[in-house]
Amino acid sequence: MSIEVKNLFKVYGEQKAVNNISFSVNKGEIVGFLGPNGAGKSTTMKILTGYLQQTSGEALVCGMNIATHSLDTRKKIGYLPESNPLYYDMYVKEYLGFIADVHKVADKHKAINRTIDLVGLGPERTKKIGQLSKGYKQRVGLGAALIYEPEVLILDEPTTGLDPNQIIEIREVIRRQGQDKTVLFSSHILQEVEAVCNRVVIINKGELVADDTLTNLQSGNNAAHHIIIEFSAPAPQDFFAGIAEIAALQFLENNQYKLSTISPEQLRRHVIERALQHNLNITGIRSESQSLEHIFKTLTKTTPRDFTGLSKEE
(Lines give C-alpha, C1' and ligand atoms only; values in the text may rest on other atoms or scores of the structure.)
Protein backbone atom coordinates (compact mmCIF):
# COMPACT_ATOMS: atom_id res chain seq x y z
CA MET A 1 0.00 0.00 0.00
CA SER A 2 1.36 3.42 -0.92
CA ILE A 3 -0.56 5.36 1.75
CA GLU A 4 -1.56 3.93 5.13
CA VAL A 5 -3.24 5.85 7.92
CA LYS A 6 -3.63 3.94 11.18
CA ASN A 7 -5.62 5.25 14.16
CA LEU A 8 -4.50 8.80 13.45
CA PHE A 9 -5.14 11.56 16.00
CA LYS A 10 -4.31 15.26 15.87
CA VAL A 11 -5.36 17.27 18.91
CA TYR A 12 -5.19 21.06 19.37
CA GLY A 13 -5.89 21.77 23.03
CA GLU A 14 -9.29 20.17 23.61
CA GLN A 15 -10.21 19.98 19.92
CA LYS A 16 -9.68 16.71 18.05
CA ALA A 17 -8.99 17.89 14.50
CA VAL A 18 -8.39 14.27 13.44
CA ASN A 19 -10.04 11.63 15.60
CA ASN A 20 -8.83 8.04 15.22
CA ILE A 21 -9.13 7.66 11.44
CA SER A 22 -7.72 4.76 9.43
CA PHE A 23 -7.65 4.18 5.68
CA SER A 24 -5.25 3.12 2.93
CA VAL A 25 -4.68 3.89 -0.74
CA ASN A 26 -3.03 1.48 -3.18
CA LYS A 27 -0.91 2.15 -6.23
CA GLY A 28 -3.09 2.84 -9.26
CA GLU A 29 -5.97 4.23 -7.18
CA ILE A 30 -7.38 7.74 -7.33
CA VAL A 31 -9.19 8.28 -4.05
CA GLY A 32 -11.34 11.32 -3.31
CA PHE A 33 -10.80 12.68 0.19
CA LEU A 34 -13.94 14.58 1.17
CA GLY A 35 -15.41 16.45 4.08
CA PRO A 36 -16.96 19.83 4.95
CA ASN A 37 -14.80 22.77 6.00
CA GLY A 38 -13.08 22.03 9.28
CA ALA A 39 -13.52 18.26 8.92
CA GLY A 40 -9.76 17.58 9.17
CA LYS A 41 -8.90 16.95 5.50
CA SER A 42 -6.06 19.46 5.17
CA THR A 43 -4.72 18.48 8.60
CA THR A 44 -4.56 14.83 7.52
CA MET A 45 -2.85 15.78 4.25
CA LYS A 46 -0.30 17.90 6.08
CA ILE A 47 0.49 14.97 8.36
CA LEU A 48 0.88 12.67 5.35
CA THR A 49 3.31 15.10 3.73
CA GLY A 50 5.34 15.71 6.88
CA TYR A 51 4.27 19.32 7.44
CA LEU A 52 2.52 18.45 10.71
CA GLN A 53 3.26 15.90 13.41
CA GLN A 54 0.33 13.76 14.55
CA THR A 55 -0.57 13.49 18.22
CA SER A 56 -0.76 9.70 17.98
CA GLY A 57 -1.28 6.94 15.44
CA GLU A 58 0.73 6.18 12.34
CA ALA A 59 0.98 7.55 8.82
CA LEU A 60 3.03 5.63 6.26
CA VAL A 61 4.00 6.36 2.66
CA CYS A 62 5.46 3.56 0.53
CA GLY A 63 5.84 1.48 3.67
CA MET A 64 7.87 4.12 5.54
CA ASN A 65 6.73 5.84 8.71
CA ILE A 66 6.53 9.57 8.03
CA ALA A 67 7.44 10.52 11.59
CA THR A 68 10.71 8.57 11.53
CA HIS A 69 11.57 8.82 7.80
CA SER A 70 10.37 12.32 7.00
CA LEU A 71 12.94 13.15 4.30
CA ASP A 72 12.70 9.78 2.56
CA THR A 73 8.91 9.90 2.41
CA ARG A 74 8.87 13.48 1.10
CA LYS A 75 10.98 12.34 -1.85
CA LYS A 76 8.15 9.97 -2.75
CA ILE A 77 5.36 12.57 -2.55
CA GLY A 78 4.17 15.25 -4.94
CA TYR A 79 2.09 17.70 -2.92
CA LEU A 80 -0.19 20.49 -4.09
CA PRO A 81 -1.45 22.30 -0.97
CA GLU A 82 -4.68 24.26 -0.95
CA SER A 83 -2.79 27.55 -0.46
CA ASN A 84 -0.37 26.74 -3.34
CA PRO A 85 2.60 28.89 -2.18
CA LEU A 86 4.65 30.15 -5.14
CA TYR A 87 7.50 32.60 -5.74
CA TYR A 88 5.74 35.30 -7.74
CA ASP A 89 8.98 36.99 -8.85
CA MET A 90 10.25 33.86 -10.56
CA TYR A 91 9.51 32.91 -14.14
CA VAL A 92 7.53 29.74 -14.80
CA LYS A 93 10.48 27.83 -16.28
CA GLU A 94 12.80 29.21 -13.62
CA TYR A 95 10.55 28.03 -10.80
CA LEU A 96 10.07 24.55 -12.25
CA GLY A 97 13.84 24.34 -12.71
CA PHE A 98 14.31 25.33 -9.07
CA ILE A 99 11.97 22.54 -7.94
CA ALA A 100 13.79 20.08 -10.22
CA ASP A 101 17.13 21.09 -8.66
CA VAL A 102 15.75 20.61 -5.14
CA HIS A 103 14.79 17.06 -6.05
CA LYS A 104 18.00 16.46 -8.05
CA VAL A 105 16.20 15.61 -11.29
CA ALA A 106 18.75 14.16 -13.70
CA ASP A 107 17.72 15.80 -16.98
CA LYS A 108 16.27 19.07 -15.71
CA HIS A 109 15.54 20.72 -19.08
CA LYS A 110 13.75 17.65 -20.40
CA ALA A 111 11.72 17.42 -17.20
CA ILE A 112 10.75 21.12 -17.42
CA ASN A 113 9.53 20.81 -21.01
CA ARG A 114 7.66 17.58 -20.28
CA THR A 115 5.93 19.13 -17.27
CA ILE A 116 4.99 22.32 -19.11
CA ASP A 117 3.35 20.24 -21.84
CA LEU A 118 1.69 17.95 -19.31
CA VAL A 119 -0.11 20.68 -17.34
CA GLY A 120 -0.71 23.03 -20.28
CA LEU A 121 1.65 25.89 -19.37
CA GLY A 122 3.04 26.34 -22.89
CA PRO A 123 1.52 29.79 -23.60
CA GLU A 124 2.70 31.12 -20.22
CA ARG A 125 6.13 29.48 -19.96
CA THR A 126 8.11 32.73 -20.32
CA LYS A 127 6.02 34.82 -17.90
CA LYS A 128 6.60 35.60 -14.25
CA ILE A 129 4.34 33.62 -11.95
CA GLY A 130 2.92 36.83 -10.49
CA GLN A 131 1.60 37.79 -13.94
CA LEU A 132 -0.44 34.61 -14.30
CA SER A 133 -4.15 34.15 -13.71
CA LYS A 134 -5.22 32.11 -10.70
CA GLY A 135 -5.89 29.11 -12.92
CA TYR A 136 -2.41 29.16 -14.44
CA LYS A 137 -0.84 29.62 -11.01
CA GLN A 138 -2.66 26.46 -10.00
CA ARG A 139 -1.12 24.72 -13.01
CA VAL A 140 2.34 25.83 -11.92
CA GLY A 141 1.72 24.32 -8.49
CA LEU A 142 0.55 21.07 -10.05
CA GLY A 143 3.59 21.07 -12.34
CA ALA A 144 5.88 21.50 -9.32
CA ALA A 145 4.23 18.47 -7.72
CA LEU A 146 4.76 16.36 -10.86
CA ILE A 147 8.16 17.40 -12.23
CA TYR A 148 10.22 14.89 -10.25
CA GLU A 149 7.77 12.05 -11.02
CA PRO A 150 6.83 11.08 -7.45
CA GLU A 151 5.16 7.76 -6.65
CA VAL A 152 2.42 9.39 -4.56
CA LEU A 153 0.36 12.50 -5.36
CA ILE A 154 -1.51 14.39 -2.64
CA LEU A 155 -3.64 17.10 -4.21
CA ASP A 156 -5.63 19.53 -2.07
CA GLU A 157 -8.22 21.35 -4.23
CA PRO A 158 -6.19 21.04 -7.49
CA THR A 159 -8.87 22.59 -9.74
CA THR A 160 -9.40 25.76 -7.68
CA GLY A 161 -9.55 28.82 -9.94
CA LEU A 162 -9.73 26.89 -13.21
CA ASP A 163 -12.36 27.59 -15.85
CA PRO A 164 -14.52 24.67 -17.13
CA ASN A 165 -12.20 23.90 -20.07
CA GLN A 166 -9.13 23.96 -17.84
CA ILE A 167 -10.86 21.70 -15.32
CA ILE A 168 -11.44 19.09 -18.03
CA GLU A 169 -7.76 19.25 -19.03
CA ILE A 170 -6.44 18.94 -15.47
CA ARG A 171 -8.96 16.19 -14.75
CA GLU A 172 -7.43 14.19 -17.60
CA VAL A 173 -3.90 14.87 -16.30
CA ILE A 174 -4.87 13.52 -12.86
CA ARG A 175 -6.60 10.51 -14.41
CA ARG A 176 -3.47 9.63 -16.41
CA GLN A 177 -1.25 10.05 -13.36
CA GLY A 178 -3.48 7.68 -11.44
CA GLN A 179 -2.68 4.83 -13.81
CA ASP A 180 0.74 4.21 -12.23
CA LYS A 181 0.73 6.44 -9.15
CA THR A 182 -1.18 6.67 -5.90
CA VAL A 183 -3.42 9.75 -5.85
CA LEU A 184 -5.24 11.23 -2.87
CA PHE A 185 -7.43 13.99 -4.23
CA SER A 186 -9.42 16.51 -2.18
CA SER A 187 -12.05 18.78 -3.69
CA HIS A 188 -15.24 20.60 -2.75
CA ILE A 189 -16.43 20.18 -6.35
CA LEU A 190 -18.16 16.82 -6.00
CA GLN A 191 -18.73 16.47 -9.75
CA GLU A 192 -14.94 16.45 -10.15
CA VAL A 193 -14.61 13.67 -7.62
CA GLU A 194 -17.27 11.63 -9.42
CA ALA A 195 -15.48 12.17 -12.74
CA VAL A 196 -11.96 11.35 -11.54
CA CYS A 197 -12.09 9.06 -8.50
CA ASN A 198 -13.01 5.41 -8.23
CA ARG A 199 -13.25 5.48 -4.44
CA VAL A 200 -14.00 8.07 -1.78
CA VAL A 201 -13.03 8.55 1.85
CA ILE A 202 -15.33 10.97 3.72
CA ILE A 203 -14.55 12.49 7.11
CA ASN A 204 -16.69 14.72 9.29
CA LYS A 205 -15.66 16.50 12.49
CA GLY A 206 -12.38 14.61 12.39
CA GLU A 207 -13.97 11.17 12.15
CA LEU A 208 -14.21 8.69 9.30
CA VAL A 209 -17.80 8.35 8.07
CA ALA A 210 -17.34 6.45 4.80
CA ASP A 211 -14.67 4.57 2.85
CA ASP A 212 -15.92 2.75 -0.23
CA THR A 213 -16.25 2.80 -3.99
CA LEU A 214 -18.63 5.34 -5.50
CA THR A 215 -20.77 2.51 -6.87
CA ASN A 216 -21.20 0.90 -3.46
CA LEU A 217 -21.92 4.20 -1.76
CA GLN A 218 -24.52 5.14 -4.35
CA SER A 219 -26.29 1.79 -4.19
CA GLY A 220 -25.68 0.70 -0.60
CA ASN A 221 -26.22 3.84 1.45
CA ASN A 222 -28.91 3.71 4.09
CA ALA A 223 -30.82 6.65 2.68
CA ALA A 224 -33.81 5.98 0.43
CA HIS A 225 -33.27 4.20 -2.89
CA HIS A 226 -35.17 5.37 -5.92
CA ILE A 227 -36.71 2.95 -8.42
CA ILE A 228 -38.18 4.06 -11.75
CA ILE A 229 -40.95 1.78 -13.08
CA GLU A 230 -42.60 2.12 -16.48
CA PHE A 231 -45.81 0.34 -17.44
CA SER A 232 -47.37 -0.26 -20.87
CA ALA A 233 -50.50 1.58 -19.70
CA PRO A 234 -51.47 3.82 -16.77
CA ALA A 235 -51.53 1.96 -13.47
CA PRO A 236 -54.93 1.75 -11.71
CA GLN A 237 -55.49 4.46 -9.13
CA ASP A 238 -55.10 2.06 -6.21
CA PHE A 239 -52.27 0.03 -7.76
CA PHE A 240 -49.63 1.03 -5.19
CA ALA A 241 -51.99 1.05 -2.19
CA GLY A 242 -50.90 -1.19 0.66
CA ILE A 243 -47.32 -1.77 -0.53
CA ALA A 244 -45.56 -1.11 2.76
CA GLU A 245 -42.07 -0.64 1.29
CA ILE A 246 -43.04 2.55 -0.57
CA ALA A 247 -41.79 5.60 1.34
CA ALA A 248 -42.77 8.07 -1.39
CA LEU A 249 -44.45 7.91 -4.79
CA GLN A 250 -44.13 10.31 -7.71
CA PHE A 251 -45.78 10.14 -11.13
CA LEU A 252 -43.32 11.17 -13.84
CA GLU A 253 -44.61 10.85 -17.43
CA ASN A 254 -45.36 8.23 -20.05
CA ASN A 255 -46.68 5.82 -17.43
CA GLN A 256 -43.49 6.10 -15.36
CA TYR A 257 -43.48 6.17 -11.56
CA LYS A 258 -40.67 6.99 -9.17
CA LEU A 259 -40.75 5.02 -5.92
CA SER A 260 -38.60 5.75 -2.88
CA THR A 261 -37.79 2.93 -0.48
CA ILE A 262 -35.24 1.57 1.95
CA SER A 263 -36.08 -2.02 0.86
CA PRO A 264 -35.56 -2.02 -2.92
CA GLU A 265 -35.54 -5.78 -3.50
CA GLN A 266 -38.77 -6.40 -1.57
CA LEU A 267 -40.41 -3.47 -3.33
CA ARG A 268 -39.46 -4.79 -6.77
CA ARG A 269 -40.92 -8.18 -5.93
CA HIS A 270 -44.21 -6.78 -4.64
CA VAL A 271 -44.64 -4.45 -7.63
CA ILE A 272 -44.04 -7.30 -10.08
CA GLU A 273 -46.56 -9.49 -8.22
CA ARG A 274 -49.10 -6.65 -8.22
CA ALA A 275 -48.56 -6.07 -11.98
CA LEU A 276 -49.25 -9.76 -12.68
CA GLN A 277 -52.47 -9.58 -10.63
CA HIS A 278 -53.65 -6.56 -12.68
CA ASN A 279 -52.45 -8.00 -16.01
CA LEU A 280 -50.29 -4.89 -16.43
CA ASN A 281 -47.06 -5.15 -18.40
CA ILE A 282 -43.88 -3.64 -16.92
CA THR A 283 -41.85 -2.21 -19.82
CA GLY A 284 -38.98 -0.93 -17.70
CA ILE A 285 -37.64 -1.03 -14.16
CA ARG A 286 -34.37 0.50 -13.01
CA SER A 287 -32.63 1.91 -9.97
CA GLU A 288 -31.69 5.56 -9.83
CA SER A 289 -28.30 6.01 -8.17
CA GLN A 290 -27.94 8.62 -5.49
CA SER A 291 -25.65 11.47 -6.34
CA LEU A 292 -22.42 11.91 -4.43
CA GLU A 293 -23.78 15.29 -3.32
CA HIS A 294 -26.77 13.62 -1.67
CA ILE A 295 -24.58 11.00 0.02
CA PHE A 296 -22.16 13.68 1.20
CA LYS A 297 -24.95 15.77 2.71
CA THR A 298 -26.46 12.74 4.41
CA LEU A 299 -23.19 11.60 5.97
CA THR A 300 -21.88 14.98 7.07
CA LYS A 301 -25.00 16.44 8.65
CA THR A 302 -25.40 13.57 11.10
CA THR A 303 -23.26 12.45 14.02
CA PRO A 304 -20.31 10.63 12.39
CA ARG A 305 -20.42 7.60 14.68
CA ASP A 306 -23.87 6.71 13.35
CA PHE A 307 -22.44 6.14 9.87
CA THR A 308 -18.93 4.75 10.42
CA GLY A 309 -18.50 1.74 8.16
CA LEU A 310 -22.11 2.06 7.02
CA SER A 311 -21.52 1.57 3.31
CA LYS A 312 -19.61 -1.65 3.90
CA GLU A 313 -22.24 -3.15 6.17
CA GLU A 314 -25.25 -2.47 4.02
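Before moving on, here are some points about what is shown:
- Contacts under 8 angstrom Cβ, first residue in the stretch 31-45 being on the phi > 0 side of the Ramachandran plot and of a type in the set (Val, Ile, Thr), partner at pLDDT 95 or above and part of a helix (DSSP H, G or I), 6 or more apart: none
- Take the conditions (1) under 19 Å from the mean Cα position of the chain (by Cα); (2) in a loop (DSSP other than H, G, I, E, B); (3) farther than 23 Å from Gln138 by Cβ; Ile203 misses just one of them, which is (2).
- Residue within the stretch 1-18 that is crowded, with 16+ Cβ neighbours inside 10 Å and outside any strand (DSSP E or B) present: yes
- In a residue-by-residue description of the stretch 232-249, the property of being in contact (Cβ under 8 Å) with a residue 24 or more places away in the chain, exposed (fewer than 15 other Cβ atoms within 10 Å of the Cβ) and not in a loop (DSSP other than H, G, I, E, B) applies to at least one position.
- Here Thr43 does not fit the description of being within 27 Å of Thr159 (Cα to Cα), of a type in the set (S, T, N, Q) and buried (at least 22 other Cβ atoms within 10 Å of the Cβ).
- Considering residues of the stretch 71-103 that are farther than 15 Å from Glu151 by Cβ and small (Gly, Ala, Ser) only, the residue nearest to the chain's Cα centre (by Cα): Ser83
- Remark: pairs (first residue in the stretch 147-167, free of Cβ contacts under 8 Å to residues at least 40 places away in the same chain and closer than 15 Å to Leu121 by Cβ; second residue of a type in the set (Lys, Arg) and not in a strand (DSSP E or B); Cβ separation under 9 Å; 6+ apart in sequence or on different chains) = Gly161/Lys134; Gly161/Lys137; Leu162/Lys134; Leu162/Arg139.
- Cβ-Cβ distances below 7 Å connect the following pairs, each with a first residue in the stretch 253-279 that is closer than 13 Å to Ile227 by Cα, a second residue that is assigned to a helix (DSSP H, G or I) and not β-branched (Val, Ile, Thr), and a separation of six or more residues or different chains: Leu259/Leu267; Thr261/Leu267.
- Residues that are over 14 Å from Val25 (Cα atoms), in a loop (DSSP other than H, G, I, E, B) and at pLDDT below 85, drawn from the stretch 181-200: His188, Ile189
To keep it simple, each residue is scored yes or no on (1) within 21 Å of Lys41 (Cα to Cα); (2) charged (D, E, K, R); (3) not assigned by TED's automatic domain parsing to the domain that holds Thr283.
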{"site": "Asp180", "(1), (2), (3)": "no, yes, yes"}
{"site": "His188", "(1), (2), (3)": "yes, no, yes"}
{"site": "Gln250", "(1), (2), (3)": "no, no, no"}
{"site": "Asn255", "(1), (2), (3)": "no, no, no"}
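The values are calculated or read from the model by the stated rules, or taken from the named source; none is laboratory data. Nothing here was measured: the structure is a model prediction, and the numbers come from that model. We place every Cβ from the backbone using ideal geometry, glycine too, and count neighbours over all the protein chains shown.
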